[in-house]
């Protein structure tokens, strides 16, 4: 899924809101919903751009590790099933 705004842009929007720009005006100006704004604020609130990039890399690494674990568990289950049939 293609995201419309990058982490840097989102953090910029949040900084604008911290400086006192009303949420409705900010959303209308940049073309996103208030729900998106509050979702971003819960996820990226208080972060710098470097923090957001680190979060993104950690999430990618976590997804990779989860996939490896699932494959390993599946492989173990297949081996167990084969051994049960053999005996």
Item to check | Any chance residue 53 is free of Cβ contacts under 8 Å to residues at least 60 places away in the same chain and surrounded by 10 or more Cβ atoms within 10 Å (Cβ to Cβ) | outcome: yes
Checklist outcome for this item: The condition from (1) assigned to a helix (DSSP H, G or I); (2) in the same structural domain as residue 4 (by TED's automatic domain parsing); (3) under 19 Å from residue 3 (Cα atoms) that residue 52 misses is numbered (2)
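Each row is one residue, and each column tells you yes or no for (1) touching a helix residue (DSSP H, G or I) at 6+ places or on another chain (Cβ under 8 Å); (2) assigned by TED's automatic domain parsing to the domain that holds residue 7; (3) at negative phi.
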{"residue": "22", "(1), (2), (3)": "no, yes, yes"}
{"residue": "31", "(1), (2), (3)": "no, yes, no"}
{"residue": "66", "(1), (2), (3)": "no, no, yes"}
{"residue": "69", "(1), (2), (3)": "no, no, yes"}
{"residue": "73", "(1), (2), (3)": "no, no, yes"}
{"residue": "81", "(1), (2), (3)": "no, no, yes"}
{"residue": "86", "(1), (2), (3)": "no, no, yes"}
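The values are calculated or read from the model by the stated rules, or taken from the named source; none is laboratory data. The shown structure was predicted, so the numbers you read here are calculated from the model rather than taken from an experiment. In this analysis, Cβ positions are derived from the backbone assuming ideal geometry, glycine residues included, and neighbour counts consider all displayed protein chains.
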